[in-house]
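Only one structure is covered here, and it is reproduced in the block below.
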Amino acid sequence: MATEEIKAPCIRKRFMRQLSYMSDTRRTPRPNESEIKLLRCLWHAPRLSAREIHDATSGGTKWGYTTTRKVLDRMEEKGLVKVKMVHGLKTYAAAQPKLSMLALLIKDFAHNVLDASAPLPVAAFAQSKFISADEIEQLEKLIQELDPESSGHG
């Protein structure tokens, strides 16, 4: 009985914290800068363990393993990663495909930072090492789907 009483407020608090991480009416969570560093790694590999993610990103983040694990735990709470046990090992995969997340972030940046009514032209990303030419075309379509009013602009 006492455990159920303790558990309910923790679950409620976790749910409310998860809601607070989401920025629009569709409730798609947005990653912060630290989480994007780990997502970039996950977008290149379908499923990785925390150790594999840490080893792949530690050169750029300079984090200890426990910090990487803590960020992954927070990402799991937010719904940014999908967790699956594989051979007794907790593994992680990005919950959203790279281009879908980039389209959301670009739309948010254009609206919230630049106060622009139309999304940024994807040509701005032509020199990116992170997005191929084919992906730029797909990204443009995704951005237009998110903001149908801007079709034909940019």
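The values are calculated or read from the model by the stated rules, or taken from the named source; none is laboratory data. Keep in mind that this is a model prediction, so the values were computed, not measured. Please note: Cβ atoms are built from the backbone with ideal geometry, for glycine as well, and neighbour counts cover all protein chains shown.
Things to note:
- Subset of the stretch 98-127 that is under 26 Å from Ala45 (Cβ atoms), at pLDDT below 80 and not aromatic (Phe, Trp, Tyr) - its residue that is surrounded by the most Cβ atoms within 10 Å (Cβ to Cβ): Val122
- Ile11 satisfies every condition listed in (1) of a type in the set (A, V, I, L, M, F, W, C); (2) closer than 23 Å to Leu105 by Cβ; (3) modelled with pLDDT under 95 except (2).
- Of all residues in the stretch 135-150, those that are over 14 Å from Phe125 (Cβ atoms) and of a type outside the set (A, V, I, L, M, F, W, C) have Cβ atoms under 7 Å from Cβ atoms of residues that are part of a helix (DSSP H, G or I) and modelled with pLDDT of 75 or more, 6 or more apart or on another chain, in Asp147/Lys107; Ser150/Gln144.
- Scanning the stretch 75-98 for residues that are assigned to a helix (DSSP H, G or I) and of a type in the set (D, E, K, R), we see that the one that is nearest to Leu48 (Cα to Cα) is Glu76.
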